[in-house]
Structure formats: structure tokens, C-alpha cells
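K.L.:
Can you keep this structure in mind? I'll have questions shortly.
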Amino acid sequence: RLYKHGLLNERLLPLSKKDIRERFMEASRKSSQQKATVNVLQPPTHKVDETGKTRVLLHPIALDGSKIREFMKQLNPEGLKLGILSFAPITTDIPKYEYSLGHFGDVSCTLGPSKEVLISSLELDTATKFFELIWNHRWRRRTRDLEFVCLQHSSTYFPYRVVCLKKDGNINLTAMCRSLGENNRSAAERIAVVEGASKTEPLVRPRLWSPRYDELSVYLVYGASTETAGATFPFDHQDERVKTYKDYYSIRHNFDVAEDCTLFDAVRMWQMPNRAWSEKQEEIKEMKRVKLPQDACMEAKFANPGLSLLTILLPQLCYHMEQRISASKFLEHAKSNFPVLEKYLSKIPPLKLLNSITAKSCNDQDNYDKLEWLGDGVLKMVQTDSLINSTELGSWIRNLPEGYLDTARSFMGSNANLMQACKKLKLDIFIQTESLSRGCWTPVSMDLVDADKSSTRLERKADGKVCADVLESLLGLVFLQFDYRAALECADALQLTIPHRYAEARLAFESKRKVGTSSSRLVEVAEAFTGYKPFRLASVAEEALTHPTELSNKSNCASYEKLEWIGDAVLCLAARTWIYKNCPQLELGDMVLLESSLVCNETLAFLSHKCGLPGYMRHGDQSFPARLESYAWSVGELGRGLWGTDPPKSIADIVESLLGAAHVDGGFEAGQRAVYHALKPMFLAVKGATAEELQKYCYHPKRNILSELGCLASVDTLMQESLAQNEPNVRLWAEDAWVSPDSGGSKSVSILRCLDNPILAVSDAVMSSSINRVCAFVLAFLAENKKFLERTREMKADIQRSLTGGKQDKQVIVG
């Protein structure tokens, strides 16, 4: 019979995890073969007219701010502008970008309306070289021998260039050629320009100079001052020998200048931000004024201060523009390959869609972390439904034990499986993983090469875990914006399920057998607990309250294991949805801790006990009444509460099985409403609580302490006898007093260690209770000792950083 039902392999042995995985891979393969080949997004084609000119779009960049306007009048009298040259329309809105700069205050940067023009091959070639020039000036790390070069047009889905524009918005070929020419000058030519500057008059126009001894430093120079290098040096200096400017440059920079060398008025170059977002500046900083000796300077390669000022927010604008365009191209890719997915995503605000494909490594604040956590619950529910309603494996799945089903679901939702699906569907190229910094981000149209012109840039694709996270994030987003059925359709389109008939949700539980005489009472219990009525399948309610040890059941009813497996997914998604919607102020870590507290064995068992469910559970376990009585005594007479008890797992299991029964009998909405009805007291208790209150009263002690101390903490459990033999000097808290370990003791002992050093040991008759109690004691200590808590957090952060850097021994790091 086992072999007939597919529960034995070809060697007549029980199915292994490998057997189950291969069976599902075969079913998934059949499903994916029915899908069309994924079309890769192609770069836009060059539109060339009959004269050989290329049709492009110019988007002017508008930089604005009160201080910026003042400087522009001085430094950019020609009214030059920068702009984006694209070969295809930008199909998404690029919002105004605002930044607070130390030297200029609040500055805004935005992309103006596009203008279609025809440009010659010379103009296009010049635009490419100018883009390389201006980007290396603004974004290249001066301390590394690397430079940016433009990629071929066909190597990216959105090629673009940054060009110089005239006031009328057309390409300024003259200005670009002038800048390229200045950049190609030799050091001797640039020195000669400075030597030819008037020693008595201001410069015709301010220029950018660099000291000969340090070309990486750049100054904005206005013109000659009335002083020479023999003048008194006005700033305090540690070396008492420094009396004049001549002394300063000779001693500090090892560069000799003549006493009669003219000093030129200059200011240090303005702040060039390299982050995506700014912090609000309290006040505008004045640029430091200095005097430079003429004999010690040369013109900078990029000497036009007006153009340099225009680049101040260029990386930030291009970075955010590329992110918006990636989200737009992602929609195009979905429309071409997954119309069902595009149908829903196209109705979602662009910024929300962008956040759903943005990793935390790219943006600490606006990323997919919370959506991925919610989407993980959606995927678990989706795959549960596809399994119990499978068209390919339906009859086989109905006979699988709960453990096998769990293995199957774990395989379907594994990171490896999701990563493979993401890469197969070509979604990974749209995921945002790079943060805005000189060491991390390169424009999509460029490559970063070394002196040998070899690329140093890794392929723009997300790693496996991120790929898996984004698929879950998309499901979470669709579920939030629409409903479960929409998320199920998208999961089908993304090939995350096996073929199924969702409309036949009760297929696996339909039965023609006669229902037992006690079923009517069990149905009433199920309806009262879940709030779902009427149950159309009385046999499902009966099954939800039947323990696997119930062997004398004349009606041949199955046990609750399969319904408990379904209810686990129902409860997971409902709890996460409620937390996501009702506790948006919580960080993701706190959301995870709160969920684990709401759905853990202790909480569900307490709920089951308070609702009287154990009295209706049908079982054949002779030890169960005594264990149930002991648990009731612990939470009642002893008043130990949730974390100080060791409830029988089965009384928590029947909570999940009843929730699963509501889902099977009434569908998704019925199952979710059943969770909100059954767990209403728990939800009301935590709604509106602050993170501090939740940490103090609600979080599971062990999960809380491990979250707080991370790699610093570990919890070990052993018997008192072992503790007395191995660590006799450890002080032990037993009942309500400190004692020494007893070599003849039979109680369980839990020790919380910090970097392998014992901090506290607690004994209890029940192992889980001793674990929770030792964690609760240490949490109470930390709550009363804020400075100690801050020190441990700092130590945890230092260790994590060091471990990331390659060091493995925590004790060495702490030492």
C-alpha cells in the first residue's frame, strides 16, 4: 500500500529528502517547460537619418539654490549647463533631488523636459570623451590609479552621456572641446599659464589651480593680492621657524619660493558630497581663504570652476535617475515576459516598486527588508496551497506525512530554488545593490578600468540571497497592494509553485466516510475557537482535534498533522500581516521578535489552555493527562506565565490545526479571519506598545537575548551532575537562592555565557523553563544597567566588523 501511494522509492525504502526534491523538481520542470522563453531586454537602437546624424534626446540638468546662484554669476557668465544625452526616452518621472551642502546650504537638482535633436558622429564622439572627463573629475578616487571609461552603446539597457549645453538647450560643442583641450595640456603648459597671470590685476575669470607639489589639491583662484611670499604668515604653526609664507612652503611642503613671489587670493575647493542623502546643515560654512604663491602653482587639468560647480550633485542625480529607470525597465521586462505580474506592478506607485527591488546594502532606510519578511509568509502560504491542490502530485501529496510535506515546502521556498528562478527569469539585473560611494557605484554606461585598461568592475548582478529576497519582496508588495489571489497569480507567473487548482481547496480533504457521532460537538468547538461558521466539512473539524496516538477511532479519521502543517502557514502570514500593518514603527528585528512571541509554542499552548481545547482533543497518549495537569498547575497556581513553563506541544499544535481547518473549509479569507479571532487577546495586548515595552513584556527571552547580544552570547544546557563535575565554581540560582552545583542533582541547568565565560546559571525541573529564566534574568539586568548594555552593543558591533574583515577568533578580537 505504501508503494502504491508513492511513499516508497524504487528500492522499497522510505522516501529520502533527495527523493522528494527530485519529485518536485520533475513537477516544476514540467511547469516551466510550458512557459515561453524569457526575452532579454535589448538596448535602444541608434536612430540615424539619411544624412548620417543620430537622433538623441537632451535633458537639461537644473541646479538651483540661493548660494549656488551667487556663485554661478561669478564663475559661469556664459550660462553653461550640463545635460543628459539619451538614445531613448526616459519613461519615468525623475523627481527633484534636494541636498544640504555645507558651503552652499540647500541645493536642488532636477532633470528638465527632453528635447529631440540630431547630432553628428563628431558631436557624439566628443560627448563620450567629455562624459569620461567630467566624471573622472567629479567621481574618480584620486588615491587609486583607476579611471572611468564609457561602455559600448550595446552593452547596457539604458546608455546615456553627460554633455555640456548652451543656454538654448543645444549641445555646446565648443565648450566641450575647450575642456578636453585643457585636460590634454602638459604640466609645463599649465605652469606657463599661471606664470603668465598678471601680478597686479584679478584674473579675467576665476580659475582652478593646483600646487605643483600636490596636484590632487584644487583651489579656486581669483587673482593677485598685494602681498608677496616674504609677508608674515598669519596662521599659528607648530614649527617656530615658520615666520613668513616663504618659510611655510619651504618647511611644510619642501618647496622653495622667492620672497618677492606674488601671492594669489584663493579659497579651498568647495565640498563635493559622495553620499546619496544629506543631513540638514545648521549653518552654511564659509570656504577657507588662503594665499598661494604664484611660483608654486599650475592650472588644474579641469580648470573651469563654472563647469566644476555644475557637477556638484551630478553623481547623486545620475544615481537616482538610474534607480528609477531600472524600476521602469523592470516593468518593461515583466510586460514582455510576465503579463500577469506587470498587470499588478504597473498599478503600484513607482517608489514602492523601486523599494521592493532595493537591497539594504544600497539604501539603509528605503529597501525591501520588511516587504521580504512579509513576502516570505506569503510564499509559504502560496506554496502550501499549491501543494495541497497540486494537479501533478495531488494523489501522492494526500498520502504524504506532515514531515514529508514540510520537506517539500522547504525545498520549494529555499534560497537556492528562489535564486535559480530569479536568474532564470532574468530579474537579477534590475536589483539595486550598490550604495552611492566612490568605491561602490559606477554608472550603468561606464566601466572602471586600471592602467592596463582592464575592467575592475564586477558583473552587475545580485547574489543568491538577494535574488531570493527580491522574489519574496515582490509577492509581499502585490499582496499588500491587492490581495492574496493576486499574489498567488504572480507566484504562478514567476514559476514559484507547481501546477495546481486553487479553486478546489478542499480536494485533499473531501471524504465520503461517515462522520463520528462526536463530530457535531467538535464542530461547535472549532467554530467557537476560530469564529468561522458553519464548517461545511465536519470531518475536517474532527481531524483537527485528533492526535496521532488516537488509534481506536472507529471512523478511521486522520490525525491533525496535515492540518497543523497548513495552519502553520496560515498563522505565519496572518501574524506578519497584522504586525506589518499595525506596528509600522518597529524595526524589522523587533517585528521578527514580536512574531516569534505571538506564534511560539508557549503562546499557542497558553491560548489553547485558556480556551479549553485540550479537553476536546482525542488521543491515546496515557502520559498526556499528567503533563497537561502539570502545565495547568504551572500557569495557574505557580503563576509562571508563558516563559516559565513547558507545555505539551500537542496542545499548541491543535491551535494551528484548527486554523488550518478554517482555511481548508472556507478558503484564504476564512483562515486569516480565524487567526485574528483566535489571537485577538494577544493582538490587543501588543497593539500600540512601544519597542521598549514589547522588549520588556512580550518578546521571547531567549530570542530577545540573542538579538540583543548577538555573537557575544550563547546558552548551554546540561544536568546539575555534569555542571558539578565540569564547572564546580559556577554559582547556581535554584528556586530562590544561590547554591553550589550538586553532583547528585537531577534538575536541568542553563548557563548563559558571554564569549564562553559563564555569566549566570539557573536550574529548573524543566529544561525550556531554565533556558527562558536565565535569559529573562540577564535581560532584567541589562534593562537596569544601561551603560553596560551600551558597552556590550559596542563590543558586538566591533566583533561583527572584525569578523567581516576576515578575523575568526572572537577572543583575540576582544583581547
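K.L.:
Looking at 285, 329, can you tell me which residue is charged (D, E, K, R), in contact with a Gly (Cβ under 8 Å, 6 or more places away or on another chain) and more than 19 Å from residue 194 (Cα to Cα)? Before the answer, list the steps.
P.N.:
Details: 329 fails: in contact with a Gly (Cβ under 8 Å, 6 or more places away or on another chain).
Of 285, 329, the one residue that is charged (D, E, K, R), in contact with a Gly (Cβ under 8 Å, 6 or more places away or on another chain) and more than 19 Å from residue 194 (Cα to Cα) is 285.
K.L.:
Test residue 621 against the criterion of being charged (D, E, K, R), touching a Leu at 6+ places or on another chain (Cβ under 6 Å) and touching a residue at least 40 places away in the same chain (Cβ under 8 Å), and give yes or no. Please lay out each step first, then the result.
P.N.:
Values: charged (D, E, K, R): yes; touching a Leu at 6+ places or on another chain (Cβ under 6 Å): no; touching a residue at least 40 places away in the same chain (Cβ under 8 Å): yes.
So residue 621 fails the test.
K.L.:
Could we say that residue 777 is in a helix (DSSP H, G or I) and without any contact (Cβ under 8 Å) to a residue 24 or more places away in the chain here?
P.N.:
Numbers: in a helix (DSSP H, G or I): yes; without any contact (Cβ under 8 Å) to a residue 24 or more places away in the chain: no.
Answer is no for this residue.
K.L.:
What are the pairs with Cβ atoms under 8 angstrom where one residue, in the stretch 243-265, is free of Cβ contacts under 8 Å to residues at least 40 places away in the same chain and under 13 Å from residue 297 (Cα atoms) and the other, located anywhere, is crowded, with 16+ Cβ neighbours inside 10 Å and of a type in the set (Val, Ile, Thr)? Sequence gap at least six, or different chains.
P.N.:
From the stretch 243-265, the pairs are 261/228; 263/228.
K.L.:
Also: Counting only residues that are open to solvent by 50 Å² or more (accessible area, probe 1.4 Å), more than 45 Å from the chain's Cα centre (by Cα) and farther than 23 Å from residue 306 by Cβ, how many does the stretch 181-227 have?
P.N.:
Qualifying residue count, the stretch 181-227: 8.
K.L.:
Looking at 427, 448, 393, 387 in this structure, which one is on the phi < 0 side of the Ramachandran plot, surrounded by 15 or more Cβ atoms within 10 Å (Cβ to Cβ) and at pLDDT 90 or above? Can you show your working first?
P.N.:
On the way: 448 fails: at pLDDT 90 or above; 393 fails: at pLDDT 90 or above; 387 fails: at pLDDT 90 or above.
Result: 427 is the single residue among 427, 448, 393, 387 that is on the phi < 0 side of the Ramachandran plot, surrounded by 15 or more Cβ atoms within 10 Å (Cβ to Cβ) and at pLDDT 90 or above.
K.L.:
I need a count of the residues in the stretch 138-151 that are touching a helix residue (DSSP H, G or I) at 6+ places or on another chain (Cβ under 7 Å) and either open to solvent by 30 Å² or more (accessible area, probe 1.4 Å) or hydroxyl-bearing (Ser, Thr, Tyr) (or both).
P.N.:
First, pick out the residues of the stretch 138-151 that are touching a helix residue (DSSP H, G or I) at 6+ places or on another chain (Cβ under 7 Å): 138-139, 147-150.
Adding the requirement that they be either open to solvent by 30 Å² or more (accessible area, probe 1.4 Å) or hydroxyl-bearing (Ser, Thr, Tyr) (or both) leaves 147, 149.
The qualifying residues number 2.
K.L.:
May I pose another question? Quick one: in the stretch 726-773, which of the residues that are part of a strand (DSSP E or B), open to solvent by 20 Å² or more (accessible area, probe 1.4 Å) and among the β-branched types (Val, Ile, Thr) is nearest to residue 631 (Cα to Cα)?
P.N.:
Residue satisfying both the conditions and the ranking: 739.
K.L.:
Does residue 47 satisfy the condition of being modelled with pLDDT of 90 or more, open to solvent by 10 Å² or more (accessible area, probe 1.4 Å) and out of contact with any His (no Cβ under 8 Å at 6 or more places or on another chain)? Quick ask: steps written out before the conclusion?
P.N.:
Working: modelled with pLDDT of 90 or more: no; open to solvent by 10 Å² or more (accessible area, probe 1.4 Å): yes; out of contact with any His (no Cβ under 8 Å at 6 or more places or on another chain): yes.
Against the criterion (modelled with pLDDT of 90 or more, open to solvent by 10 Å² or more (accessible area, probe 1.4 Å) and out of contact with any His (no Cβ under 8 Å at 6 or more places or on another chain)), residue 47 does not qualify.
K.L.:
Scan the stretch 27-44 for residues that are under 27 Å from residue 412 (Cβ atoms) and either surrounded by fewer than 13 Cβ atoms within 10 Å (Cβ to Cβ) or modelled with pLDDT of 80 or more (or both) and jot them down. Talk me through it step by step, then tell me what you get.
P.N.:
First, pick out the residues of the stretch 27-44 that are under 27 Å from residue 412 (Cβ atoms): 27-40.
Passing the criteria: 29, 30, 32, 33, 34, 36, 37, 38, 39, 40.
K.L.:
For the list (1) open to solvent by less than 70 Å² (accessible area, probe 1.4 Å); (2) in contact (Cβ under 8 Å) with a residue 24 or more places away in the chain; (3) more than 27 Å from residue 602 (Cα to Cα), I need the number of the one condition that residue 785 fails.
P.N.:
(2)
K.L.:
On to the next question. Residues being open to solvent by 40 Å² or more (accessible area, probe 1.4 Å), more than 20 Å from residue 159 (Cα to Cα) and not hydrophobic (A, V, I, L, M, F, W, C): count how many of those fall in the stretch 50-68.
P.N.:
The qualifying residues number 5.
K.L.:
Of the numbered conditions (1) within 25 Å of residue 179 (Cα to Cα); (2) among the charged types (D, E, K, R); (3) under 40 Å from the mean Cα position of the chain (by Cα), residue 22 fails exactly one; give the number of that condition.
P.N.:
Unmet condition: (1).
K.L.:
Also, I was wondering about something else. Pull up the stretch 69-92, narrow it to residues that are in a strand (DSSP E or B) and open to solvent by less than 10 Å² (accessible area, probe 1.4 Å), then point me to the one that is farthest from residue 222 (Cα to Cα). Even if it seems obvious, please write down each step before you answer.
P.N.:
Applying the first criterion (in a strand (DSSP E or B)) to the stretch 69-92 yields 81-86.
Right, trim to open to solvent by less than 10 Å² (accessible area, probe 1.4 Å) and you get 82-86.
Details: 82: 24, 83: 27, 84: 31, 85: 33, 86: 36 Å.
Result: 86.
K.L.:
Right, next: Determine the pairs where a residue that is more than 18 Å from residue 649 (Cα to Cα), located within the stretch 586-608, has a partner that is of a type in the set (D, E, K, R) and open to solvent by 20 Å² or more (accessible area, probe 1.4 Å) with Cβ atoms under 8 Å apart, the partner being 6 or more residues away or on another chain.
P.N.:
588/369; 588/370; 591/370; 591/576; 593/703; 595/576
K.L.:
Turning to a different aspect of this structure: Six or more apart or on different chains, Cβ atoms under 6 Å: show the pairs whose first residue is in the stretch 684-708 and of a type in the set (Lys, Arg) and whose second is modelled with pLDDT of 80 or more and assigned to a loop (DSSP other than H, G, I, E, B).
P.N.:
none
The values are calculated or read from the model by the stated rules, or taken from the named source; none is laboratory data. For clarity, every value in this text was computed on a predicted model and none was experimentally measured. Virtual Cβ from ideal backbone geometry, glycine too; neighbours counted across all protein chains shown. SASA here: full protein model, heavy atoms, side chains in, ligands and nucleic acids out. Shrake-Rupley method; radii C 1.70, N 1.55, O 1.52, S 1.80 Å.
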